[in-house]
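Where a number appears in this text, it was derived from the coordinates with a stated rule and is not lab data. Just so you know, these numbers come straight off a predicted model, no measurement behind them. Quick reminder, even Gly has a Cβ in these numbers, built from the backbone with ideal geometry, and neighbours come from all protein chains shown.
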Amino acid sequence: MPVGKELKDMTFEDFCRTIFNTTKRFDKPETLKGIRVVSTTQYILGPASAAYLSELGAETIKIELPKRGEPMRHTTPFNEPFLYPLSRWMPDKGTGLGFFGANPNEYFLSLDFHKPEAIQIMKRLAAKTDVFCENYRAGTFDRWGIGARQHLQVNPRVIYQWMGGFGGWGPGRNRASYDILGQAQGGCFSITGWSKEYGGLPSKQTIWIMDYWGGAISAFNIIASLYWRDNVSGKGNFLEYSQVHGAQRHLTDFIALYGKTGVVAQRWGNWEPLLCVHGILKCGKSSYPNSKNPQEQEVGFCLVSAYKDEDFAKLCKLINRPDLAKQYPTHADRVGADAQVAIYPELEKWAADKTKEEVDKQCKAAGILSQPVWNSKEVSEQEHFHLRGTLAWIDDPTFGDVQTQGPAYLLSHTPPRVRWAFKPVGADNEYILSKLCGYSGSKIAELEAKEII
Ligand SMILES: CC(C)(COP(=O)(O)OP(=O)(O)OC[C@H]1O[C@@H](n2cnc3c(N)ncnc32)[C@H](O)[C@@H]1OP(=O)(O)O)[C@@H](O)C(=O)NCCC(=O)NCCS
C-alpha cells in the first residue's frame, strides 16, 4: 500500500502510532484467514504453536479428551481450577490459569481417539485441514491411525507439525519430555544460576521459555511450509520440532567454545561471561517496605549495562570509584572472572543504601543503560504495555473480564488479535461437527451418548 501524504509528513512515532493503531485491529483483515488448523495439543509447546497461528487469523480447532480436556487445564496453579465451567459435563469444575495465553481464539472439539468413530472424524477433518499440530509422544498418533503418514494419505496438501521431546528416531527418542527436561538435557540449566563459589546451584527458568519458543518456531515452519505448498510445490509437509534440539540451538557460543578449546562453560548467575558490566545488581533497600507480599519486602534488583569502555568509566565516576576505570580500562581487562568478581561487589556497595528505582534513576542521569527488575504487578501497571496492546483487559464471552497478554508483534495491515481467551472442553462440538462433517443434531447427540465426543 502506498504511503499517503498525511503519513509521510508525520514524525516516526506518530507514523507508528497511526499505522499500528491497536484500537483498530478488529477493523483490519487477518493474515491467515482461510487457513484451517487442527490442534491436538497439550501443555504449552503444542498449544503455543497453534496459538500464534490463531492470533494471526487461522481458524483453529482444538481437540481434547472428552469432558476433562487436556492436562494443562488441571495443572496450574496448585491444581485448582479457576475459570468455570470446565465443560458442560463438569460445570462445577474449572480450568487452571496455566491454560491462559496458549489457546486464544480457538474452537473446542472433544474426541476420544480410542473410539473408531473418532478416528473417522479425524480423517474427515484431515481432508479439510491445512495444518495439523500435535505434541504427543513419538508415534502415539501413528499408533492411533491418525499420524502424519495417514494424514498425508488422506490429504497430500496437509502440513503436519509434530512437536516432541527428542525426535522421531535415534537412541534417545523414546521418553516423555517437558520443557524442563529439554532444557536440562540440552545444556541450558548447567549454565543458568550462580556458581558454587557464590553458594549457587543450577537454576531453572520459571517460565516455559523453551515451550513458547518451540511453539513460535513450529508456527514459523508451518507458515514456511504453507508458502512452499501454495507457491512452489502444491505439496504438504511433515515437520518435526524437538524440545532438546530447541534448547541446544540457544547455547550461543558454548558448544563452539567446548569444541574448539575443551572449556566447559560455567554458571555466571546474574553476570554475563561475554560482557562486563552487563548484569543485575542487588539494591539494598526495598521499594515496598510496607508491602504484605514477602518478596516485595525484600531488597530490589536493577539491571545495569555499561560494558563499553566509556560507559564503564561513567559508571565508575557515578559510584565514586574512578580508580576502577583506571584499573580495568578496556573490555578485555574487565571480562575475565577475576575482574568481574572484583567489580560487581563494588557496584553493590554503592547500591546498598538505594532502592532499585534510585539506582535506575542515577544510572539514567549518568547516561548508563539500566532497568529495575519488575514483578508481575509492576509489569501489569505499565501504561506503555497497555497503550500498545501487549497487555490488555478483554471482555471474554465465557469468563468475563480477564487481563491477558496480547500478541507480542504488530503487523500494520493485518494485525494479530485476541478475540477470546479460550472456551470450555467441547464447547464447539455441534458447530464444528455440523460445519465440517455434515452431522445432524441427533447424530451429534448419539456421539455424545457413546462418549465419543
Ligand atoms: C507430555 C507427555 C509427557 C505426556 O505423555 P503421555 O500422556 O504418557 O503420552 P502421550 O502424550 O503420547 O498421550 C497418550 C495418552 O494420552 C491420553 N489421551 C490424551 N488425549 C486423548 C484423546 N483425545 N483421546 C484418547 N486418549 C487421549 C491417552 O491416555 C493416551 O494413551 P493410550 O493411548 O496409551 O491410552 C508426552 O506427550 C510428551 O513427551 N510429549 C512431547 C513433549 C511435550 O510436548 N511435552 C509437553 C510440553 S512441556
Taking Cα centroids, how far is segment 87-119 from segment 186-237 in Å?
25
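Based on the alpha-carbon gyration tensor of segment 324-428, what equivalent-ellipsoid semi-axes (square roots of 5 times the eigenvalues) come out, in whole Å, largest first?
On the way: eigenvalues 392, 53, 42 Å².
One finds semi-axes of 44, 16, 14 Å for segment 324-428.
Where Rh denotes the Kirkwood radius from the mean inverse Cα pair distance, what is Rg over Rh for segment 336-384? Let's see the in-between values first.
On the way: Rg = 13.6 Å, Rh = 12.6 Å.
When Rh is taken as the Kirkwood radius, the ratio is 1.08.
Within a Cβ distance under 15 Å of Leu303, other residues only, what is the Lys/Arg minus Asp/Glu net charge? Spell out each step's value before the answer.
Details: positive: Lys282, Lys354, Lys356, Lys361, Lys364; negative: Glu272, Asp311, Glu348, Glu357, Glu358, Asp360, Glu378.
Here the count lands on -2.
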Evaluated at q = 0.11, 0.12 Å⁻¹: base-10 log I(q)/I(0), Debye formula over Cα of the chain
-1.04, -1.17
Of the peptides 59-65, 357-363, 343-349, 262-268, how do they stack up when ordered by the mean number of other Cβ atoms within 10 Å, highest first?
59-65, 357-363, 343-349, 262-268
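Summing -39500 (n - 2.57) over the DSSP H runs of n ≥ 4 in the chain and dividing by its residue number, what mean residue ellipticity at 222 nm do you reach, to the nearest 500 deg cm²/dmol?
Values: 20 runs with 166 residues, N = 453.
Taken over the chain, the calculation gives -10000 deg cm²/dmol.
What order, most packed first, do the peptides 226-238, 207-219 have when packing is the mean number of other Cβ atoms within 10 Å of each residue?
Ranked by mean Cβ neighbours within 10 Å, highest first: 207-219, 226-238.
When N counts the residues of segment 270-373, how does its alpha-carbon radius of gyration compare numerically with 2.2 N^0.38 Å, as a ratio?
1.06
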Note, segment 361-372: 3J(HN,Hα) by Karplus (6.51, -1.76, 1.60, θ = phi - 60°), whole Hz, Gly/Pro = x, goes 4, 5, 5, 4, 4, 8, x, 10, 6, 8, 6, x
Among Asn270, Leu315, Pro289, whose Cα sits farthest toward the positive end of the charge dipole of segment 270-373 (+1 at Cβ of Lys/Arg, -1 at Cβ of Asp/Glu, about the Cα centre)?
Pro289
For segment 240-312, which GluC sites (Glu not before Pro) are both in a DSSP coil and crowded by at most 16 other Cβ atoms within 10 Å?
Glu298
